[in-house]
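Q: Take this structure first; my questions come after.
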Amino acid sequence: KAGVTQTPRYLIKTRGQQVTLSCSPISGHRSVSWYQQTPGQGLQFLFEYFSETQRNKGNFPGRFSGRQFSNSRSEMNVSTLELGDSALYLCASSLGTSGAQYFGPGTRLLVL
Amino acid sequence: ILNVEQSPQSLHVQEGDSTNFTCSFPSSNFYALHWYRWETAKSPEALFVMTLNGDEKKKGRISATLNTKEGYSYLYIKGSQPEDSATYLCAFTSSSGGSEKLVFGKGTKLTVNP
């Protein structure tokens, strides 16, 4: 079974721009969660989508948004980028029944 | 605000040593406790998901225990090997926060010297 894939792997943007990250879950997984990791911080939960609906949300500003498609693929969008948005963004897929989550390789975003 | 604490922050052991780490989490509204291993340049990999007080899980030389009443979990590694070097993360989910909303600790970074 193919694992979780994320594209792109690396991205450089400037302040004020917007960015879209993509995540393809493991086949059969309907839940996709997004996390942000910055230096000194642990993994911070952004949001979770299940069957195209946002089911859980973390404490991030409205500039962070996401969506999920009917094939369970998910995208995350960050608008009006700030320097502090530079981070590793990980997505994870699961069956959505509180079992283990399977992580992708991440997208490393640098905002200049 | 849910807080998950892990100790120690980092640990250096010799090959063959046994070691253990601690994860502390809120004891109220407990739903599940996850352990992940994150090796450099790889993705976090699930080790265990535990839901019941007193749960003990084992995978090879790694095992974990869970005490939901007092809010802690221990991860044990028996006979550490250099390939065990990684950051070990625990994550808590609450019954009020959503079963897929993982709140992670900052991890314990283990280095096993050959």
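The values are calculated or read from the model by the stated rules, or taken from the named source; none is laboratory data. Note that the structure is predicted; figures quoted are calculated from it, not measured. Every residue, glycine as well, gets a Cβ built from its backbone with ideal geometry; the counts of neighbours run over all protein chains shown. Protein only, heavy atoms only, side chains kept; ligands, DNA and RNA dropped before computing areas. Shrake-Rupley method; radii C 1.70, N 1.55, O 1.52, S 1.80 Å.
Q: Might you let me know whether segment B:6-15 holds any residue that is more than 10 Å from chain A (Cβ to nearest Cβ) and under 12 Å from B:Leu66 (Cα atoms)?
A: The answer is no; no qualifying residue exists.
Q: Can you confirm whether segment B:45-60 contains a residue that is open to solvent by 20 Å² or more (accessible area, probe 1.4 Å), in contact with a Gly (Cβ under 6 Å, 6 or more places away or on another chain) and more than 11 Å from chain A (Cβ to nearest Cβ)?
A: no
Q: Being assigned to a loop (DSSP other than H, G, I, E, B) and surrounded by 13 or more Cβ atoms within 10 Å (Cβ to Cβ) is the filter here; which residues of segment A:1-16 pass it?
A: Applying the first criterion (assigned to a loop (DSSP other than H, G, I, E, B)) to segment A:1-16 yields A:1-4, A:8-9, A:14-16.
Answer for segment A:1-16, where residues must be assigned to a loop (DSSP other than H, G, I, E, B) and surrounded by 13 or more Cβ atoms within 10 Å (Cβ to Cβ): A:Gly3, A:Val4.
Q: Could I ask something else about it? For segment A:50-94, which fully contained strands (runs of 3 or more DSSP E) count at least 3 residues that are open to solvent by less than 20 Å² (accessible area, probe 1.4 Å) and of a type outside the set (Gly, Ala, Ser)?
A: A:87-94
Q: I've got another one for you. Could you tell me which of the residues A:Gly62, A:Gly42, A:Gly84 is within 13 Å of chain B (Cβ to nearest Cβ) and either among the polar types (S, T, N, Q) or over 21 Å from A:Thr7 (Cβ atoms) (or both)?
A: A:Gly42
Q: Something else: Considering only residues of segment B:71-97 that are modelled with pLDDT under 95 and open to solvent by 20 Å² or more (accessible area, probe 1.4 Å), which is nearest to A:Asn56 (Cα to Cα)?
A: Among residues in segment B:71-97 that are modelled with pLDDT under 95 and open to solvent by 20 Å² or more (accessible area, probe 1.4 Å), the one nearest to A:Asn56 (Cα to Cα) is B:Gly97.
Q: Please go through segment A:26-47 and pick out each residue that is over 18 Å from A:Leu88 (Cβ atoms) and crowded, with 17+ Cβ neighbours inside 10 Å. Steps first, please.
A: Going through segment A:26-47, the residues over 18 Å from A:Leu88 (Cβ atoms) turn out to be A:26-31.
Listed by number, the residues that qualify are A:Ile26, A:His29, A:Ser31.
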